[in-house]
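Chemist: Have a look at this one.
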Amino acid sequence: MPRLVGCAALEYMIGANSAFMLYYGMTHGAAKLVEAFGTEDQKKRYMKKMFAGEWGGTMLLTEPEAGSDVGALTASAVKNPDGTYSIKGSKIFISAGEHDLCENIIHPVLARIEGAPAGTRGISLFLVPKYHVKDDGSLGEFNHVVCTGLEHKMGIHGNATASLSLGEKGDCIGTLLGEENKGMPEMFRMMNEARAFVGMQGFAVASAPICMPWNTPGPGSREDISWPEKMPRPKM
């Protein structure tokens, strides 16, 4: 679907339930990260099912100790002999972080590789699936991404905002997405899309009070000939 047409359809869906549509927004943004920076194996393994909505996606940045200072994160990544990384740490305020709407959730995670520079210069980006994905595309064992609590964000109770623990109760394995120590500029690709999505949320929610009576049969609808006496006809 052309993006312009998709945005028009998205306005109606976000206006109806902006909290629920965060599941779509997070998944689409995470899939675009894989598309932009992933290896051929990562693209083959994750992209199709994420864009199809069969698997979900998130964005794991904020930590309890770091707050808004991403450079102070403590999540660590230790390289394994097979090229994967063992991820360990805690993340908070994760939209769509844990739910059963789909069979797998793919988490882009910011963490620091052992020995990397301090601050944002030493942050890398990793793909961490909730369940391991086998070479044939089927799901494997649980990857020890554990939900430690659901948080309550005002206005979006229809979305599971989670606190997540990675690798605390078993090995949590991730693969490097993009280049080492380039995690912040890579993640900004998704963050910028999220900012545009927030703009769409504001527009859609503001439009809902006009769109609903205009499209709902009954008083105030487009079929209601007494509309001009009730309220100004919106410019369509």
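Read the figures in this text as sums done on the coordinates, not as results from a lab. What you are looking at is a predicted structure, and each value in this text was computed from that prediction instead of being measured. When we count neighbours, we look across all protein chains shown, and the Cβ atoms used for this are built from the backbone with ideal geometry, even at glycine.
Chemist: Nearest 0.05, what FRET efficiency do Glu168 and Asp136 give at R0 = 22 Å with Cβ-Cβ as r?
Modeler: My answer for the efficiency is 0.15.
Chemist: Tell me which of Gly115, Pro129, Gly158 sits at the most positive position along the dipole axis of region 99-170, charges placed on C-beta atoms (Lys, Arg +1; Asp, Glu -1).
Modeler: Of Gly115, Pro129, Gly158, it is Gly115.
Chemist: Whose amide H sits under 5 Å from the amide H of Ile113, counting only residues 5 or more places off or on another chain, with H placed in the peptide plane?
Modeler: Residues meeting the criterion, in which the H sits 1.01 Å from N, are Ala77, Ser124.
Chemist: For a quick check of your reading of the filter: which GluC sites (Glu not before Pro) in region 102-209 sit in a DSSP loop and have no more than 11 other Cβ atoms within 10 Å?
Modeler: Glu114
Chemist: Indicate, rounded to the nearest 5 percent, the antiparallel portion of the DSSP beta bridges found entirely in region 3-196.
Modeler: 85
Chemist: Would you compute, from DSSP H runs of 4+ residues alone, the mean residue ellipticity of the chain at 222 nm, taking -39500 (n - 2.57) per run and dividing by the full residue count, rounded to the nearest 500?
Modeler: That calculation yields -10000 deg cm²/dmol at 222 nm.
Chemist: With 10 angstrom as the radius, rank His157, His144 by how many other C-beta atoms surround their C-beta, starting from the fewest.
Modeler: Ranking His157, His144 by Cβ neighbours within 10 Å, fewest first, gives His157, His144.
Chemist: Apply 1/(1 + (r/R0)^6) to the Cβ-Cβ distance of Glu65 and Ala36, taking R0 = 25 Å, and write down the FRET efficiency to the nearest 0.05.
Modeler: Efficiency computed from Cβ-Cβ geometry: 0.30.
Chemist: Could you tell me the center-to-center distance, by alpha carbons, between region 134-148 and region 31-84 in angstrom?
Modeler: Using only Cα atoms to place each centre, the spacing works out to 14 Å.
Chemist: Listed here are the pairs Lys32/Lys153; Lys43/Lys169; Lys79/Lys182; Lys43/Lys182; Lys91/Lys153; Lys48/Lys130; which of them are more than 22 Å apart at the Cα?
Modeler: Lys32/Lys153; Lys43/Lys169
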